[in-house]
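The values are calculated or read from the model by the stated rules, or taken from the named source; none is laboratory data. Computed from a predicted model, the values in this text were never measured in an experiment. In this analysis, Cβ positions are derived from the backbone assuming ideal geometry, glycine residues included, and neighbour counts consider all displayed protein chains.
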Amino acid sequence: MKLNPLLNGKRGADLLHDPLLNKGTAFTEAERDALGLRGLLPPHVATQDQQLAKILETVRRKPTDLEKYIYLISLQERNENLFYRLITDHVTEMMPLIYTPTVGLACQRYALIFRRPRGLFISLKDRGSVKQVLQNWPHRDVRMIVVTDGERILGLGDLGANGMGIPVGKLSLYTACAGVAPNQCLPVLLDVGTDNEAFRADPDYIGTSRPRARGPEFDAFVAEFVAAVQETFPSACIQFEDFGNANAFRLLREYREKICTFNDDIQGTAAVTLAGVYSALRLTKDKLANQRFLFLGAGEAGIGIGELIVEALKAEGVTEAAARRQCWYVDSKGLVVSSRTDLAAHKQLFAHDHAPAASLLAAVESLRPTMLIGVSGMPGTFTEPIVRTMAKLNRAPVIFALSNPTSKAECTAEQAYTWSDGRAIFASGSPFPDFTLNGRTYKPGQGNNSYIFPGVGLGVIVSQSRRVTDEMFFVAAKTLATLVTDADLSTGRIFPELQRIREVSAAIAVGVAEVAFKRGLTDTLKPTDLLGRVRAQMYDPHYASYV
Ligand code: NAD
């Protein structure tokens, strides 16, 4: 009998223990006969749809989100196809469970829920032999690596090696949202110590209990990792994720022209937010050139968004200097102004001549922004007086509370709508439920990078681009914005429904690949039917037949 080459010789108990191949009770009678599975499974043969209905019910019955997360991860560990059927078919319900906000909780308790390792933990102890560690990974055709050092996990701070939940979750979204095959995804945690003293004192902490490596020690370790990836997985793109901002900006500058890499916190956030801005402008019937942006938070997300807005304005003919003057920042020390002497390099280009402001409210009153964007990780900072002032200044004030997880949002959807008398155009980083005010139901949009990075990654894989460029993120933002329908906008939702995410990712992948071909970033030839090529690349979680 001819067997599916996917099996690679696997049969019997080995097959049941391979999460990429296992189908559980859905192995057919013929497969059970041919693959030595008789007796290893109960006699009833289920379909994948039946399995799906059962696990959906089980997930829904779990009393807490963390328990749902633990159940889903254990499903992923035993049957990836079923896990991804569940996530793709019920993406709106499942994404908050496998990613923000639940993943934040999971990382905080990772030591307790950690059962079976997933991804590679590479620690300072492995210095000099990082390449050998990479070679221990069981899959060879790695195309997408998400790597973190756990220093700035969501808005939760330094979670050290517990941060592994983030690369694992992000790569699950690459697969669920854009069909990057699970065996092409590699989560990596660089364990360089932690400055989280509670973790260091905890005997159950899963990482190395030492202060974080910094400076040359850190840089040399990252450099060894990057070089080892080039040798071991030469077709892989490296996405840096949730590094502290001093390192994140430096690493992006260091590697973006040398290897295929990007930083999602900086570039992905920028693209999804710019798409939200374009949608908001459709609602306000205004132009980008007329906007004034005020950011709370001048870190990776805030500066990344500002830089992309500058690019978008330049594309509309605004000079760089004028474009920068449209973007203003408040950080933990107050308004970012040119008289300040404490500004990190990434903030200096946005430091304008202006008197210091005593508070965010004072900054709103004096700068009169049209769009207020929260990327500070500081919950509750968009207070009632601030939202009311925005509503006084603007017919439709744009208020994005992008900090994750939900507990860190600058304000809730309910607050934004209530305090603006229903006029706010609102988006958040983590999802908020629909909200009804004066008989009108608002569907707050989730301005989360998961609309962007899976499609960007897929476009890079399909085109085999050697680099990831800002132009790709600009194109991704524009593509995402064009997929927002008038029906979406009529309910206040400025992003497409999550249920359409695979279509969104495919469109973004086409745009990104077009840039790679146009800019000569690849040696492969552009296919005549690029969308068809992208779709063909997308992993399908329906079971394959093995016999
Ligand atoms: P970061 O550490 O690089 O930057 C945080 C910034 O906030 C810094 O400039 C800091 O000075 C400022 N800040 C801190 N306390 C403040 C205060 N009280 N008032 C004003 N500013 C203050 O972090 P980041 O990567 O920019 O992320 C910030 C937040 O944005 C996090 O909560 C993160 O989860 C969220 N984020 C959301 C998305 C998304 O898709 N929605 C994407 C990336 C980041």
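Criterion applied to Asn245, Asn290 was being of a type in the set (S, T, N, Q) and within 16 Å of the ligand (Cβ to nearest atom), and the one residue passing it is Asn245. Residues in region 255-283 that are acidic (Asp, Glu) and under 11 Å from the mean Cα position of the chain (by Cα) were compared, and the one that is nearest to the ligand (Cβ to nearest atom) is Asp265.
Residue by residue through region 319-336, note down the ones that are surrounded by fewer than 18 Cβ atoms within 10 Å (Cβ to Cβ) and either of a type outside the set (Val, Ile, Thr) or under 19 Å from Arg368 (Cβ atoms) (or both).
Answer for region 319-336, where residues must be surrounded by fewer than 18 Cβ atoms within 10 Å (Cβ to Cβ) and either of a type outside the set (Val, Ile, Thr) or under 19 Å from Arg368 (Cβ atoms) (or both): Glu320, Ala321, Ala322, Arg325, Ser332, Lys333, Gly334.
I want to confirm something. Restricting to region 324-341 and keeping residues that are away from the ligand (no atom under 16 Å from the Cβ) and either in a helix (DSSP H, G or I) or closer than 20 Å to Ser376 by Cα (or both), which single residue is farthest from the chain's Cα centre (by Cα)? Per the criteria, the residue is Arg325.
Scanning region 120-141 for residues that are surrounded by 20 or more Cβ atoms within 10 Å (Cβ to Cβ) and either aromatic (Phe, Trp, Tyr) or outside any helix (DSSP H, G or I) (or both) gives Leu120, Ile122.
Got at least one residue in region 186-197 being out of contact with any Asp or Glu (no Cβ under 6 Å at 6 or more places or on another chain) and within 19 Å of Gln537 (Cα to Cα)? Among the residues of region 186-197, at least one is out of contact with any Asp or Glu (no Cβ under 6 Å at 6 or more places or on another chain) and within 19 Å of Gln537 (Cα to Cα), which makes the answer yes. For the structure I just gave you, tell me whether Ser407 is without any contact (Cβ under 8 Å) to a residue 40 or more places away in the chain and either closer than 18 Å to Ser279 by Cβ or surrounded by fewer than 24 Cβ atoms within 10 Å (Cβ to Cβ) (or both). Criteria not met by Ser407. Only strands (runs of 3 or more DSSP E) whose full extent lies in region 378-464 are considered here, and the ones with at least 1 residues that are aliphatic (A, V, I, L, M) are 398-401, 425-428, 435-437.
Conditions (1) closer than 21 Å to Asp264 by Cβ; (2) of a type in the set (Val, Ile, Thr); (3) part of a strand (DSSP E or B); (4) away from the ligand (no atom under 11 Å from the Cβ), marked per residue:
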site: Ala301; (1), (2), (3), (4): yes, no, no, no
site: Val310; (1), (2), (3), (4): yes, yes, no, yes
site: Leu313; (1), (2), (3), (4): no, no, no, yes
site: Ala322; (1), (2), (3), (4): no, no, no, yes
site: Leu343; (1), (2), (3), (4): no, no, no, no
site: His346; (1), (2), (3), (4): yes, no, no, no
site: His354; (1), (2), (3), (4): no, no, no, yes
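For region 210-248, give me each residue that is in a helix (DSSP H, G or I), within 21 Å of Thr269 (Cα to Cα) and modelled with pLDDT of 95 or more. Within region 210-248, Asn247, Ala248 qualify. Applying a threshold of 7 Å to beta carbon distances and a minimum spacing of six or more residues, or different chains, the list of pairs starting in region 334-347 at a residue that is touching a residue at least 12 places away in the same chain (Cβ under 8 Å) and ending at one that is within 12 Å of the ligand (Cβ to nearest atom) and in a loop (DSSP other than H, G, I, E, B) reads Gly334/Ala357; Leu335/Ala357; Val336/Ala298; Val336/Leu343; Val336/Phe350; Lys347/Ala298; Lys347/Val336. Can you work out which of the residues in region 356-396 that are of a type in the set (Gly, Ala, Ser), in contact (Cβ under 8 Å) with a residue 60 or more places away in the chain and in contact with a helix residue (DSSP H, G or I) (Cβ under 6 Å, 6 or more places away or on another chain) is nearest to the ligand (Cβ to nearest atom)? Per the stated criteria, the residue is Gly377.
For region 433-461, taking the residues that are surrounded by fewer than 24 Cβ atoms within 10 Å (Cβ to Cβ) and among the hydrophobic types (A, V, I, L, M, F, W, C), the one that is nearest to Thr261 (Cα to Cα) is identified as Phe435. Of all the residues in region 432-464, those that are touching a residue at least 60 places away in the same chain (Cβ under 8 Å), touching a strand residue (DSSP E or B) at 6+ places or on another chain (Cβ under 8 Å) and more than 14 Å from the ligand (Cβ to nearest atom) number 3.
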